[in-house]
Structures are given as C-alpha cells and as structure tokens.
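Inspection log for the structure reproduced underneath, given as structure tokens.
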Amino acid sequence: MIRWQLGLMLLAGTCWCLGAVARADNPNNVLPSVAERFASEDVSEVPSFQRHVVPLFGRLGCNGRACHGSFQGRGGFRLSLFGYDFQADYEALLDPSSTRVDREHPLESLILVKPTNADEHEGGLRYEKGSWQYHVFRRWIEAGAKFDPAKDVQKLVALEVTPSEIIFHKKGDKFSLRAVAVWEDGTREDVTPLCRFQSNDSQIAEIDENGQVTGGDPGDTHLVVFYDKAVVPVPIMRAVSESLARNYPNVPTPTKIDELVVAKLRKLGVVPSELCSDAEFLRRVSLDLTGTLPLAEEVEQFLADPSPDKRARKIDELLESPGYAAWWTTKLCDFTGNNETELVNVLPVRGAASQAWYDWIFQRVKDNVPYDELVAGIVTATSRAGNESYYEFCKELSDILRPGSNRSFAERPSMPFYWARRNFRQPPERAISFAYAFLGVRIECAQCHKHPFDQWSKHDFEEFAKFFGGVRLANQGAPGSRSDYAKIVEALGIKDGRVNNQNRNQILDALRDGKVIPFAEVYVTNRPVNANRRQRDAAPPARTATLLGGEVVDLNAIEDPRQALMNWLRSPDNPYFARAFVNRVWAHYFGVGIVEPPDDHSLANPPSNAALLDYLTQGFIRSGFDMKWVHREILNSRTYQLSWQPNETNQHDKRNFARAYLRRLPAEVAIDAIRMATASDSEAARMKRELDGRAIAMASPDPRQRNGASSYALTVFGRSTRESNCDCDRSMTPSLLQTIYLQNDSEVLALLDRRQSGWIDQITRQFQPNARTANGGRRRADEGADSSTTASGSQPSDVQVEELVRKAYLRTVSRLPTNDELKRAKEHLDACGSPIEGLADLLWALINTKEFIVNH
C-alpha cells in the first residue's frame, strides 16, 4: 500500500511507506465502502458531511471548475472548488432562500431532484434515483443535514492505495485500485467510490471513475488518487521489452547517478545509448555549463588529448571560467526575477538596480558561495548593513554608483532589490513568487481555493503570506531616518524636498559632482499595532504564521519573520529548497527535470526517479549547499555523457534519461554562439575570457540593456521575460521566425560581413589584404571582379582551403568535417569566383544547420 500522510509529501523522499499501515488494535478492520453500505433503501446509517457528502460532490463533478465549483458558481449555487471549505459549502446548501436541502421534505431537496433528472439539470444526469449516491444524500438530509465544524471535522491521517505499483505486461491489462482512509479516531474505511482519479499520461494507462486501470503503450507514468486533502500518486510501468527486462545487458554504472538511472531503465527494459564522442561532449558541456562555444583550437587540443580523465579535467576547467559565473548568474536572475522594468525609481541611475542585482549574484557564483548563503543574502536582505545610518548607507551607494567608480554593489552584504520590485509589493504576490523561486512550488491556486493537485488550502496560503507583510520600500528613508533624508535633499538644493522624475537630472549631476544623494531603502517593520493605541505598554496581540507544511511561528518573538523562513529553507528536513535547485540544474542539462515542469513540485506531479532526486538533494545538503558539487556530480556521470543517437529500446524515451535529448540553444547562448562563430580568432578568444558584449552577461531583459546583443534576437529565441518567476517565462520552443532570423536577418548577415572582428574579414586580409570594394565593403560573390575592385594578393592553396573548411566546422559545430562534407565544401569553394567568398557561404550554411542551433 501507499501511505499518504498530511504534512508530508512524496517530495520529502522518506514520507512514503510500502506495505500496510500497522495498527496494534485491528489493522484489517476496514469499513466497507459507501457503495455497499448505502446500496439498500432501508439503510439507517447517517453519512458524515466531511467524509461522505462533500467527497461525493467531488466524485460527481458538482464542485469542479466546470460546475458549481467555478468562481461564479452555476445557477446561483456555488460550492468551494473540490470541497476545500466545509463551512462555506454547508452554508450554501442550507441557504434558507433555496430548497437545495429541504429538511422538512427531504425528498424534495434539489440536490436529490435535479441531479436525477437529466431534463431539469443543466449538468445532466449525475446519478440514478435509488442509487447508493441517492441514498447517501437522502439519509444525510433525513437525519437533519447536520454539520458542526468544531466537532465534525477530523484529520485524515493517511490514504492507503493498493496496489502501490502497477506493472503491465501487455496492452489492455486491467487492475482495480482500492483506497482506504485512515482517520485520527482510528476509523479505517474503504473510500474508493468517493475518490477522484487521474492519469498523468493516458497513452500509457487510462483510469475510469471507478478506479479501474487499463494498460496502454510501453513506458511509465503515475496515476493520482484524490480524497479529502489527500493526493496519492501510484507509479505505472510497462516494459518496452519483457525479454530484455529479464535479460538486461551489463551497462556500465561508474557513478551513483548512473546506478539509479539504470536501475529504473532495467525495469523498463530500456538500454541507454552509447557514450557521446569527445567532440560532442566538449560542445555540449561548454554550452551547458558556460553558455559558450569552445574555440576551434580548444576542440583540436581536446580531441588530440589521450588522457582518460580529460572530460573530468575539462569540467573543472570550465567551472573556473567567467562564462560559468556569468551564465549561472543569468539562470539565478531568471529564478529570482531580476527585471529592470519592475525596478523603476529604485535607484536614480537607470539600469543600475538590475545591474547591481546581477553583479551581486555574479560575485557569489564566481566565489562559489554556498547556495543557502547566497539565498540568505536575498531573503533576509535590507538596504542598510548592520548599524549603518541612513546617511552612511546613502554615501556608500553614492560612491558605488558614481560614474568612474571602481567599486561594485557586490561588496554589499545583501541584495535588497528582490523586495523592491513593483510587482512584488503585496504579501500574496511575494508568497507566490517566493514559492516559485526558492521552493519550486506553485501555490497561486491556493490563494483562492484548495490546490487541485496538492495539499495546500486557502488557509495554508494565507498563513504563509503572513511572513511577507513587514518588508517595506521607503522612498524617503525608513521611519526614524527622515531627518537624514531631509538634510541630504536640502544640501542638494531640491526645493520641495522630494526626489522625482522632474529633478532626476539634478540628482545625477550631484552624483557626478561627488555629492551624496538620497536613495529608497528596503527595511523591515515587525511591530504590531495594539488594539488600543493608548495602551503603549500593553502586550501585542498574538500573531502567528505557518510555514508550508511546517511549524507555526510566533511573529512577536522575532524581529524579522523572514529569518524564520530562511532557517526553514536551510533545514535538512525542508522538502523543497535543496530539491528545487538540484532539479532545476538537472532540467537545464537534460532539457527535462526529474520533476517536470521544474517549478511544479506537487503531490500529483511526482518525480520520474524519486531515488535519483533524493540522492542529489541529500548530497547537495551534505556538501554544504555547494553549487559546484551539483554540477560536477551530474556532468561527470555517464548519463550526462550519453549520445543523443537512440537505439531500438530508448527511441521513445522522454523522461528516464536513457539518452541525451536534443535541445535548442537558449536565447542568450544562441546569440553569443552566432557572434562567436563568425568572429575573428582574436575576437572569439576575447569573448571566451571576457564578458563585455556577451548576451549571457546581460543583467535584465529590459530592451534598453543590450550589452551588444539585439533585444529583437533575444526575444525571437525566447529569452526569459522574468515577469512572474515562473520557469515558463523562458521559451525553448523552436519557431519559424528563428529560422528566418538565422537565414535572412540583417544582423546575422552583418556579423558574417563585419570588418576588423569578423572571421571572413580576417581570412580576406590574410590572403588579399587589399581586397575591399570601392565603398569599403568586402566584395560579394555576386559582384564579381569588376573595375571597382582594388584587390591584390593570392588565393589560398588547396591545402589551405582544406584547412579553412576544417576551421569553419570547428568554430561552428565543434567537430571536424567528414570526408564527404570536406569534399562537397571544397567543390563549392572551387566553383565560386573566390574561395573566400565560398567560405562565407559555408559559414552561413553551417550556422543554419540544426547541428549548430541545437545542443546535442
């Protein structure tokens, strides 16, 4: 059996038990289902409103989104979605202006009359008159339709579902699920007829409303059972090959990751692909880890290196590169929502807030600061450090932001701009965004109703949001600092004492002149307001907040409620924090998370390999939240280094990591790759060691912050908008517009033809130093060698042409051309008026291949 316990989740890794829940009294004393007990018309039992009536509304679809559970209800009758609010549902049913429940004439109650009459009921026939469903509602009404929330609501301790795992042997195999509810009073009851069921992949397994499961195509997925607050996933599997599952080949498993991945594949009869080539590995790991193409000479050196540990050494080398720090800072800025558009007026210098945000994280990624410390510097951040006065704070920021300053915001101990965004000011907004960013949990549904796929209720959401109410942004200094603010403003000669858009230039001039200017500041106030303001010495009213699935925190006992949040995040028992990070890193490297989507850790969306996720999570915690540990552990695994080329058993695998999955390059990486592939050797080397002009080092998606990259191109390739902290803000979907951009856009053509820093220009100058047209541009192939050409010099020899073709392949697809590719390329270059013109065609063709724009 699977045991579901409130307050624990599959995500915690240790909260699920296989086997029956052992009870000292009578473990087999299970009440028959209501379908049996209420089958007869003369039944005398009175059903429970919580255990039977409300779940039956859910089973019949009455409290679903399409019916009375919708926000506006249906036909003047509204139920809470999926029955999360017993009191509200009871009051709606007993509304004195309606006869939905008629205690005096039970059989005339609308909840009996309408659902049994398809003609009268807009929702059609929901159950038959005289059925067990009819008798459940009838007996509850006849007994007085009673419900007392103080007495009649019990805690569901567990929901036991059998079988705990289903393995199909052929299509059409059938199994029936059984669900037993265990209540806090010790009652055990078969609630299968009251449950809702869902298949996460109906191609692999279908499940009907009675819990009967029918096997489908080979593969694996989960069925999900819903009852009361319980959400229980049941793994389903059908092997690709029964004989292969029994006679599995000897697959190397050099790391723990490989052991756990292959253990799952063995059950499925799926054999992983072979290892990828050295060239594929180098390109893949360089783009994944650093967002940067390997240099042509780097590829040649790596291919020539016979050392057995060269892949591990390359990973270590890349982890120390500026590209690693820049690209993973960009990823963390995605998760945390660094967006200059939402930081307007936080700092007087446009773009400075998002750049400060980026610089602060960059320094910590570069220094490999533990992830929990990095997050603590954001979660518990205030603008002032320690006992810093408002004036000292303003002086410090003025020195950092002053033009020509060699100081960086990264010197500051915390990064408060996370709390200063315009779309992040109210506690509910903060609760939703915080859960996305640091927990990988989607709780926005619970803002209005019980989460349909998780345990969170509206009450859980409201309790969690209380942690975020005390964080404020003050444009004129926090309370108690207004005099300092006034002195700074007065010294600047600002007449009305207010900093605004009208005097922004005056403020910036003062900054350039070396003066101290005022700044908005993030601060925390956790002082409750007494019921009677005159009673200054009265004890504050009791105030508590509850961590998600965790303990109740006394807000009066702590200065900053966010510190309790951070302590909870760091706890080894936290089921989300470390797990969300390692899952996001895994998703980046494989294109699919162990939990997918990566920001949707929920009971109804269990991991595809729970043991693998547990191992990475616990290892990350034991390492002291060492981010580089996660990268090394994954990248050194054989699983990461598998080929993308499928075999007969894994060609349909999309979630068990039996091969590398082809992934389009992320927007910033794609743009940098185009620039680097078309750049001269010296410019490409500069791009690898420096970050100026790199798209992966752009602080914000604000189109005014380009860093040499086209905002249009970044939009075309789906750069994260950072509007909601949702991972879906970034698009990885290929599109026709991306193809058109690569083939015809003026930006791409200009990169191919650029002077000084372009590769084609470099080759032209090498062989034809004066080969420029009269108007200063390189002669195009369709222009021919007419009288406007001032060219002089030699053409490359056959050996040199062959070498140039090799270089073109190395700098784009990071491998040497095959003999056939080399032959066809040379034929094209020979057919052109000039081999150099043909080389430009070849370079254009290579950046338009799938091999270039896809990481494989």
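A compact table of results
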| quantity | calculated |
| --- | --- |
| Between the range 454-495 and the range 541-560, the alpha-carbon center distance in angstrom | 20 |
| Tail fraction, Cα-Cα pairs, the range 603-748, threshold 27 Å, whole percent | 42 |
| Distance between the range 333-359 and the range 561-635 - C-alpha centres, whole angstrom | 27 |
| Residues of type lysines that residue 850 reaches as a straight line, Cα spacing below 22 Å, ignoring anything fewer than 8 places off in the same chain | 654, 807, 823, 826 |
| Acute angle (nearest 10 degrees) that the helix 132-142 long axis makes with the longest principal axis of the chain, alpha-carbon atoms | 60 |
| Inter-label distance, nm, simple model (7 Å from Cα along the C-beta direction), residue 743/residue 506 | 5.7 |
| Residues of the range 329-444: accessible area per residue with a 1.4 Å probe, Å² | 33 |
| Scattering curve values for the range 278-361, log₁₀ I(q)/I(0), Debye with Cα scatterers, q = 0.20 Å⁻¹ | -0.86 |
| For residue 129, distant residues with modelled amide H under 5 Å away | none |
| Part-to-part distance (alpha-carbon centres) for the range 141-210 and the range 254-320, which is given in Å | 45 |
| Set of lysines with alpha-carbon distance to residue 229 below 22 Å, sequence-local pairs under 8 removed | 146, 151, 155, 450, 458 |
| Net length gained if the chain between residue 209 and residue 483 were fully extended (0.36 nm per residue, minus Cα distance) | 91.8 nm |
| Additional length obtainable on full extension of the chain from residue 844 to residue 94, 0.36 nm per residue less Cα span | 262.7 nm |
| 3J(HN,Hα) from dihedral phi, the range 475-486, Karplus parametrisation 6.51/-1.76/1.60, rounded to Hz, x for glycine, proline | 6, 10, x, 5, x, x, 10, 5, 5, 4, 4, 4 |
| C-alpha long axis of helix 390-401 to longest principal axis of the chain, angle in ° | 40 |
| Dimensions in Å of the range 1-238 - Rg and Dmax from alpha carbons | 18.5, 56 |
| ³J(HN,Hα) computed for each position of the range 263-274 - Karplus, 6.51 cos²θ - 1.76 cosθ + 1.60, integer Hz, glycine/proline x | 4, 6, 5, 4, 4, 8, x, 10, 9, x, 5, 6 |
| The range 336-571 - Rg and Dmax from Cα coordinates, angstrom | 19.3, 58 |
| Global form of the range 397-452, assessed from the alpha-carbon gyration tensor, a/c cut-off 1.5 | prolate |
| Global form of the chain, assessed from the alpha-carbon gyration tensor, a/c cut-off 1.5 | oblate |
| Residue-by-residue Karplus 3J(HN,Hα) for the range 123-130, coefficients 6.51, -1.76, 1.60, Hz, glycine and proline x | x, x, 6, 9, 7, 8, 5, x |
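The values are calculated or read from the model by the stated rules, or taken from the named source; none is laboratory data. Treat the numbers as computed from the prediction; the structure is a model and nothing was measured. No Cβ is skipped: glycine too gets one built from the backbone with ideal geometry, and neighbour counts run over all protein chains shown. Protein only, heavy atoms only, side chains kept; ligands, DNA and RNA dropped before computing areas. Shrake-Rupley method; radii C 1.70, N 1.55, O 1.52, S 1.80 Å.
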